[in-house]
Ligand code: S3P
């Protein structure tokens, strides 16, 4: 096979102009993590799963295509995405490579899902995904018998494109996840779903728990115990049946973060984001902003589909620098670029610790965030696993290199809304991977972009 099918794309640069205020109420699209999982679990359940509020972004649509290629029928009817599952253990051999584009979650969770199947699955992605480490998932999956073959164009060991092939009889395993990663945990639990016997994933540091919650919701046999050191032992009994569910996907807190930070740093602003997922494994940014002095209130707290949700209102605030402890990183892992932007407008320094995982996101988010700050006149220090941002306002006027990273693009566009001068980003095409409505929703609040 040729290397991955992603040639260099045409860039879509964008400029965010400073604006005098932002105001209004918006709803952001569905949570990306829950959207991927609802399609994946729906694909291996018995019966028809209905998903409302699904995030209709490139990443999630790549997972939908992959689940179709593995045998599920997925179509949209009215507001609902309907997934006709094949049943646990009954996925089909795909006839073409599964192309996950930019999506780490879709690709890694699918590697786990297909690991117990005795057929080859080829997985490809864009240049960003093809430079991300897959060994964190493939190494433990080899323990249950997975064989991995790199394909032409692979830039290193356990990097896409590659083909995986499960063993005729996959073996249950116990694995302690060495990095704080919900993707690794989830991939292994999805493998265990179709391995006879009990597979245990030990998670020393808790990460987002959507996979556990949704597996239970779909009827999987799952036991969770926390040991004396605080590590979670999650045991799944494989080869049981899953039952189709009605899933309601709450608003994505990671997407909401852009409007929330914008509402805090643009003068005279009052912004509300409705129906935001408030699962405590996802709300580290909101806690941090409150510590920084943000006028941030949560109302209408309620439960929906087994998750906490609520409406978040922010008004322009004088923020002050804080230290963000390393143990908070898993609950805000995708929010550091936009926190760095908020910190640039705060009084004093903000120290962010425990950022090693940022190095292996859609780009090296630690370095790329630091370069974006510097390009716009913000003083910062990039440590190996840390970032210190010296606040006090932003000159702007710079161009940010986004390196195929949607969150870098959105974070720095937010910066431009409150800087002295406009901020330019070199490309916005990747925003479609997680938040295609970003530009329209921010414009509705009063943002001004020039493309
Ligand atoms: C995700 C987990 C996180 C996060 C990603 C989505 C998930 O990655 O960065 O955007 O849906 O499980 P890691 O688990 O690799 O930290």
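Bear in mind that the values in this text are calculations on the coordinates, not laboratory data. All values reported here derive from a predicted model rather than from experimental measurement. Using ideal geometry, Cβ is built from the backbone for each residue, glycine included, and neighbour counts are taken over all protein chains shown.
See the values below:
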quantity	calculated
Gyration tensor over alpha-carbon atoms, region 143-256, equivalent ellipsoid semi-axes in Å	24, 19, 17
Nearest-ten-degree value, helix 406-418 long axis tilted from longest Cα axis of the chain	20 degrees
Residue-span extension gain [residue 241 to residue 401] - 0.36 nm each, minus C-alpha spacing	52.9 nm
Estimated FRET transfer efficiency (residue 25, residue 290; beta-carbon r; R0 22 Å; 0.05)	0.60
Cβ-Cβ FRET estimate between residue 48 and residue 17, R0 fixed at 35 Å, reported to 0.05	0.15
Over region 93-243, relative contact order from alpha-carbon pairs under 8 Å, at least 6 apart, %	21 percent
Principal axes of region 126-208: Cα extent on each, largest first, Å	37, 32, 16
Residues of region 330-369 with amide N under 11 Å of a point placed 7 Å along Cα→Cβ from residue 323	351-353
Full-stretch length increase - residue 149, residue 119 - with 0.36 nm per residue and alpha-carbon distance subtracted	9.5 nm
FRET efficiency estimate (nearest 0.05) - Cβ-Cβ, residue 226 to residue 297, R0 30 angstrom	0.40
Segment residue 353-residue 384, extension gain: residue separation times 0.36 nm, minus the distance between their alpha carbons	10.2 nm
Crossing angle, helix 32-44 versus the chain [Cα axis fit, 0-90 degrees, rounded to tens]	10 degrees
Largest-first principal axis extents, alpha carbons of region 341-451, Å	35, 30, 20
Tilt relative to the chain, helix 253-265 - C-alpha long axis, 0 to 90 degrees, to 10	0 degrees
Fewest-first ranking of 82, 11, 54, using other Cβ atoms within 10 Å as the exposure measure	11, 82, 54
Inter-centroid distance (Cα atoms) of region 278-317 relative to region 3-54, Å	20 Å
Contact order relative to length of the chain, as percent, for alpha carbon pairs under 8 angstrom and 6 or more apart	19 percent
Whole-number D in µm² s⁻¹ for region 32-245, Kirkwood Cα-pair radius fed into Stokes-Einstein, 25 °C, 0.890 mPa s	146 µm²/s
For region 318-367 and region 75-97, distance of Cα centres in Å	37 Å
Over region 53-164, equivalent-ellipsoid semi-axes from the Cα gyration tensor in Å	24, 17, 11
Bins of 10 Å from zero: percent of alpha-carbon pairs in the chain	5, 22, 32, 26, 13, 3, 0
In Å, descending, principal axis extents of the Cα set of region 223-359	55, 33, 26
Burial ordering of 134, 417, fewest other beta-carbon atoms within 10 Å first	134, 417
